[in-house]
């Protein structure tokens with residue numbers, strides 16, 4: 001007992017330091033000697049006869065935003081990988097990249113959603129399947145018989161000839177070769193979805209670039225399988241560029257099929273002030289119904305990805321020393337420069353604050369979202385590791401030149417290859433690796449974002465946690481028993497009480513050590529002003545905050561020339577219990593945890609080393625990877 | 001560049017087409033575009049059906065009228081654009097056509113289901129892909145090198161001796177968020193959580209006694225393997241879905257390649273460019289195909 005080493009989460013504010021070390025209690029010993037899978041913490045093993053799980057024991061890693069060559073834009077950039085290759089890659093198999101380079105993840109992912117851009121549907125599969133409405137036409141009936149006999153190509157060429165001679169049967173006047181890419185897509189997802197082992201979500205991206213490149217994109221994620229997904233054609237932006245129409249489509253779909261959908265927006269940083277605008281798409285004031293719909297359909301926001309990080313911006317969070325991170329803040333997706341006032345409606349933290357404020361007037365918080373990371377890769381290769389980064393699209397797959405290739409180029413704005421961010425992944429706390437369990441976790445926001453590393457992060461909030469609850473052996477069981485996990489709500493503050501949070505972070509087995517865990521609090525003060533404050537709650541080593549309250553930097557071991565670092569600074573794990581020292585029970589607030597890694601080489605450093613090149617001096621070579629949990633909201637009764 | 005990434009590129013295409021069309025009107029005589037557009041019952045039915053397929057209800061009369069107006073507008077612009085040749089040499093349109101052809105080729109070649117014998121042969125030929133991994137039950141105690149510094153080896157060895165003398169492992173080593181015990185964990189999962197080196201080391205440890213050091217990204221471990229089960233080759237019945245999927249995938253790729261090779265035979269390919277003088281990007285596939293095909 002005496003030589004049990006402690007890791008000391010140093011606490012800010014009112015907290016007593018809890019020490020895991022000397023305090024392995026009898027209960028804890030009992031837990032570890034009479035192990036049951038249900039009591040083990042985050043990396044619990046699978047039991048031979050699993051009992052129903054009381055709460056999520058394992059975090060499932062995935063990417064809900066992958067494009068393949070089937071997205072026409074990706075194909076135009078030379079991506080040759082289709083959905084099957086993308087799924088195989090996500091499952092950990094080696095595939096050939098579009099440039100013929102072997103590509104493989106360091107570790108498999110647990111789940112993925114292939115979200116090619118939604119696509120106009122067609123009818124060739126209906127011909128094949130003998131849709132009775134079409135069979136009345138003798139020509140179509142002949143083609144049906146040929147298709148069933150395996151003569152698809154002959155049918156195709158006959159259709160092309162008929163088209164060019166204007167002899168296409170009227171029911172097929174749909175474009176050249178009508179076919180349902182969608183049904184093909186869902187069939188592939190069905191084949192690769194293996195409940196308990198690997199989840200392949202059915203999904204698509206609805207890609208609204210309203211107003212000339214204002215990114216209002218949403219990924220639509222299906223909880224259900226092909227039988228329901230095939231009943232309705234995905235919505236495209238030919239149908240509407242208005243997100244409110246997407247929500248309507250989602251509602252209609254659920255009513256028709258009885259299934260469940262959600263939508264995940266991304267890249268508010270490229271929306272020129274429209275992602276979290278305080279008015280409707282057509283410029284009308286927000287209404288309770290609007291807020292209800294947004295909160296219902298968009299429970300999660302993709303906060304970090306290749307096209308930049310979206311947590312916050314230095315001009316919005318001037319006191320946040322980690323805010324200046326992987327910024328894409330010059331323009332929208334079409335290179336239209338940003339103007340004053342736009343940044344305020346583009347970033348997650350500010351939107352979470354605005355949500356609290358809107359709830360006061362609308363009765364509903366429209367921006368009550370959890371956070372995930374994903375890649376938005378257009379290569380079919382979901383890579384978020386700095387040392388294994390295949391880029392945004394196939395024109396910027398690894399090469400000696402990609403760092404200086406333009407990504408957005410207009411007379412006013414240049415975004416260059418080196419600005420791509422090798423980010424991110426989504427960690428999902430679910431009881432099982434199935435579509436249903438993972439989707440439900442997204443819906444209840446028990447998810448978090450990382451910029452690539454697979455850190456295991458826990459975050460709970462409640463009123464009754466004690467120091468012992470924050471010990472590693474107890475943290476998870478106590479976290480669920482006495483409070484709510486990330487994404488949850490607390491209310492009804494006991495008289496004189498302040499909310500207490502327990503949080504832990506375990507490094508990625510292959511990644512950098514951890515610098516610190518912070519809790520980010522946002523609220524609206526009594527005068528209606530938006531407020532935020534960042535608390536360091538656990539950190540490595542014996543650093544002491546300075547007179548200004550700031551913790552000294554953790555240091556830096558990165559050898560840029562060799563693209564290496566050492567884990568001689570930081571800690572492999574951190575944990576803390578923290579009570580809000582500035583709590584006012586009358587004011588609604590949100591809290592989320594941010595985990596910061598020690599500095600490690602950025603992908604640009606690996607490229608520079610790998611290709612023996614020297615990039616320009618302004619290209620960053622070092623990155624501080626991080627994780628953002630979904631918030632926990634406090635709402636006064 | 002990323003402007004092209006904005007999807008629904010046909011929108012841009014149409015806008016571009018409109019611009020060029022207007023320009024063309026200024027500088028060229030009228031072309032031989034078919035200038036008759038007939039909106040038949042079938043056309044209207046098709047528009048209505050397409051609307052309903054997305055919106056899950058038929059269009060209202062006003063909506064239908066708007067659909068028809070849009071159809072006419074797009075048909076005119078499309079015809080004029082095609083007459084200008086704007087559909088040619090466009091990588092987006094080219095990709096779309098290729099994609100359709102790919103899907104058709106695959107659909108044509110995947111209609112017959114594999115026999116058990118075919119699947120079994122495929123399973124045997126790719127046995128390692130389907131092998132069930134060994135599973136391990138183990139206890140572990142962690143030492144963080146940063147916390148122990150120069151004393152790491154001494155602390156570690158003392159703990160190893162204690163453990164093998166029967167000391168409760170819960171009282172030894174550093175407090176950790178890692179589970180103290182894992183039950184029947186597949187080896188590939190061990191590798192995912194702790195790294196490949198750790199998993200490989202565990203596979204070779206003897207059962208029963210505390211062993212170490214075993215290194216992982218978290219630090220230095222002392223490990224006791226409680227039990228292990230060997231991996232095994234599965235029967236077709238156990239992995240049929242995966243084998244069928246992979247067999248179909250292999251056939252899909254073969255079919256696509258065979259179709260291409262069949263077409264290629266009828267083409268004369270002549271690469272006249274001086275490839276040695278061309279500035280080719282690294283990893284370019286072009287660099288590997290500098291031959292004349294007949």
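Throughout, read-outs are computed from the coordinates displayed, never taken from laboratory work. Worth saying up front: this structure is predicted, and the values here are computed from it rather than measured. Cβ atoms come from the backbone with ideal geometry, glycine included; neighbour counts cover every protein chain shown.
A few comments on the model shown:
- Rough spin-label spacing in nm, given labels placed 7 Å along Cα→Cβ, for residue A:412 and residue B:115: 6.8
- Averaging 1/r over every pair of different alpha carbons in region A:519-596 and inverting the result gives a Kirkwood radius of 15.3 Å.
- Average beta carbon contacts from partner chains per residue of A:81-89, 10 Å cutoff: 2
- Per-residue mean of foreign Cβ neighbours for B:185-197 is 4 (Cβ atoms of other chains, 10 Å radius).
- Sorted by Cβ density within 10 Å, fewest first, the residues A:354, A:515: A:354, A:515
- Neighbour counting of Cβ atoms within 10 Å sorts the residues B:192, A:349, fewest neighbours leading, into B:192, A:349.
- Pair residue B:127, residue A:340: separation of 7 Å Cα→Cβ label points (nm): 7.4
- Rg in Å to one decimal, and Dmax rounded to a whole Å, for region A:566-627 via C-alpha atoms: 18.8, 59
- The order of B:33, B:38, going from fewest to most other C-beta atoms within 10 Å of their C-beta, is B:38, B:33.
- Taking the average, over residues, of other Cβ atoms within 10 Å as the packing measure, peptides A:603-616, A:580-593, A:370-383 rank A:370-383, A:580-593, A:603-616 from highest down.
- Per residue of B:90-97, other chain Cβ atoms within 10 Å of the residue Cβ number 5 on average.
- Using the Stokes-Einstein relation with a Kirkwood hydrodynamic radius computed over Cα pairs, the translational diffusion coefficient of region B:169-255 at 37 °C and a viscosity of 0.692 mPa s comes to 209 µm²/s.
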